[in-house]
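Have a look at the structure below, then the notes.
The values are calculated or read from the model by the stated rules, or taken from the named source; none is laboratory data. What you see is a predicted model, and the numbers here were worked out from it, not measured in a lab. Cβ placement follows ideal geometry from the backbone for every residue including glycine, while neighbour counts extend to all protein chains displayed. Please note that ligands, DNA and RNA were not included when accessible areas were found on the heavy atoms of the full protein model with its side chains. Shrake-Rupley method; radii C 1.70, N 1.55, O 1.52, S 1.80 Å.
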Amino acid sequence: SSDSGDDEAGAITHQSKKKLVVSGSECPYLDTIARQRLDFDFEKCCSVSLRKENVYACLVCGKYFQGRGPATHAYTHALEESHAMFMNLHSGNVYCLPDGYQVADNSLGDIRRVLDPRFTSGDVA
């Protein structure tokens, strides 16, 4: 009987995660991204704690912050500055804070390519 409880909990978790991903057309903050302020050449560490784990770039002002849950530097920045769009510097996933949902939109591809550029041997020859 505990097995069925685990399956049910797993289904609920999976269902919740699905709800937390929205398209760009559903996110009212997508147009607040300021591409001209983004510079991924800096060391990928939180501008407040200087820690390198779980770092997100604010896509509005370009600063780096740790975490995205309540009581994290990124979450606090979102509340204090009304900056809603953050990109995980490891995965390239984009999130809206403090709402907490992930934004999946093709228009974010250019930012991901700048975050993690890939070159062919022809590009560097």
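Of note:
- Accessible-area order (highest first, 1.4 angstrom probe) of the listed residues Arg118, Arg51: Arg118, Arg51
- Neighbours of Leu79 by Cβ distance under 15 Å: Lys/Arg scored +1, Asp/Glu scored -1, total -1.
- Placing +1 on the Cβ of every Lys and Arg and -1 on the Cβ of every Asp and Glu, with nothing else charged, gives the range 23-89 a dipole about its Cα centre of roughly 160 debye.
- Think of a 1.4 Å ball rolled over the protein heavy atoms: the range 22-125 then has 59 Å² of accessible area per residue.
- Relative protection proxy for 58-64, 76-82, from highest mean packing down: 58-64, 76-82 (other beta-carbon atoms within 10 angstrom).
- Mean Cβ count within 10 Å, highest first, over the residues of peptides 68-74, 21-27, 93-99: 93-99, 68-74, 21-27
- Residue-level accessible surface for Asp31, protein heavy atoms, 1.4 Å, Å²: 130
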